[in-house]
Amino acid sequence: MARKAAKVEALLPTFEILFENSFALKGELYPGLAPNAVGNFVHLANSGFYDGSAICLVSPGKIVVIDHPEKTVPYCIEAECELNGCDYNVGKVCAGSVCFFHGTQYNSGKSGFFVVLTDDSRTVRMVEGAYALFGQVLEGLQMADMLSCTGNDEHGVPTVYHRIHSIRVETHGRQFPFETCPEPENTIGKVILGTDTDADLSSETQA
């Protein structure tokens, strides 16, 4: 009697963001929601680009933004989100969601990303559909929340960088190709997230 082949589910890639103080954020990535964002993140993480990066902006108790303060990449990626015409990223934003950041135009994302710290409906509404959700933090979110509320100036810029030692992704042997696009004109591609308590993230985003 022939045996039926077992259905093998592909393992999701997992990440670890290790801070210099040994605190870590751990989670998983969702290439089915945002393949370009995941591919770019995997490439940058495993090539060492994020080594020495930091929490560079915060909205206390709501969002922490991570990017490298001295490095940049020579390309952009399209924002895989509803407001940019993407119909396949149907993920729901919640506390722990990892989203790719873009500047004043949707297709200006480079390397910055942010972690949502709250289920607050206002924060969720400002992020969902406007930024590419591509992962979820499963461990360490409480510590990230604490870091977001300490050592920042009135603009949400840390007065002391919370430096990251490394970011690495376990791909389980899978490849995650991604497509790039030219940098749009008249845009700011680095992180410029608003941080006031009543800040509207969508005000930073223009079609």
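The values are calculated or read from the model by the stated rules, or taken from the named source; none is laboratory data. Just so you know, these numbers come straight off a predicted model, no measurement behind them. Glycine also receives a Cβ, built like all others from the backbone with ideal geometry; neighbour counts cover every protein chain displayed.
Observations, loosely collected:
Yes/no per residue for (1) aliphatic (A, V, I, L, M); (2) at pLDDT 95 or above; (3) more than 15 Å from residue 25 (Cα to Cα):
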| position | (1), (2), (3) |
| --- | --- |
| 46 | no, yes, yes |
| 55 | yes, no, no |
| 79 | yes, yes, yes |
| 84 | no, yes, yes |
| 92 | no, yes, yes |
| 96 | no, yes, no |
| 102 | no, no, yes |
| 135 | no, yes, no |
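- Matching residues in region 51-86 - criterion: being surrounded by fewer than 20 Cβ atoms within 10 Å (Cβ to Cβ), hydroxyl-bearing (Ser, Thr, Tyr) and out of contact with any Lys or Arg (no Cβ under 7 Å at 6 or more places or on another chain): 75
- Restricting region 117-137 to residues that are hydrophobic (A, V, I, L, M, F, W, C) and in a loop (DSSP other than H, G, I, E, B), the residue that is nearest to residue 13 (Cα to Cα): 117
- Single residue of region 34-49 satisfying the filter (in a helix (DSSP H, G or I) and farther than 14 Å from residue 101 by Cα) that is farthest from the chain's Cα centre (by Cα): 46
- Residues satisfying the stated conditions in region 69-99, i.e. assigned to a loop (DSSP other than H, G, I, E, B) and among the small types (Gly, Ala, Ser): 79, 85, 91, 95, 96
- Considering the conditions (1) farther than 20 Å from residue 56 by Cβ; (2) assigned to a loop (DSSP other than H, G, I, E, B), residue 156 is excluded by exactly one of them, (1).
- Within region 15-37, residues that are under 17 Å from residue 49 (Cα atoms) sit with their Cβ atoms under 7 Å from residues that are of a type in the set (S, T, N, Q) and surrounded by fewer than 19 Cβ atoms within 10 Å (Cβ to Cβ), at 6+ positions apart or across chains, in these pairs: 18/166.
- Some residue of region 90-98 being more than 17 Å from residue 136 (Cβ to Cβ), surrounded by fewer than 20 Cβ atoms within 10 Å (Cβ to Cβ) and among the charged types (D, E, K, R): no
- Test: residue in region 8-29 that is among the β-branched types (Val, Ile, Thr), more than 13 Å from the chain's Cα centre (by Cα) and within 17 Å of residue 176 (Cβ to Cβ): yes
- Residue check, residue 169 of a type outside the set (Ser, Thr, Tyr), within 22 Å of residue 42 (Cβ to Cβ) and modelled with pLDDT under 85: no
- Within region 144-163, considering residues that are among the β-branched types (Val, Ile, Thr) and surrounded by fewer than 12 Cβ atoms within 10 Å (Cβ to Cβ), the one nearest to residue 51 (Cα to Cα): 160
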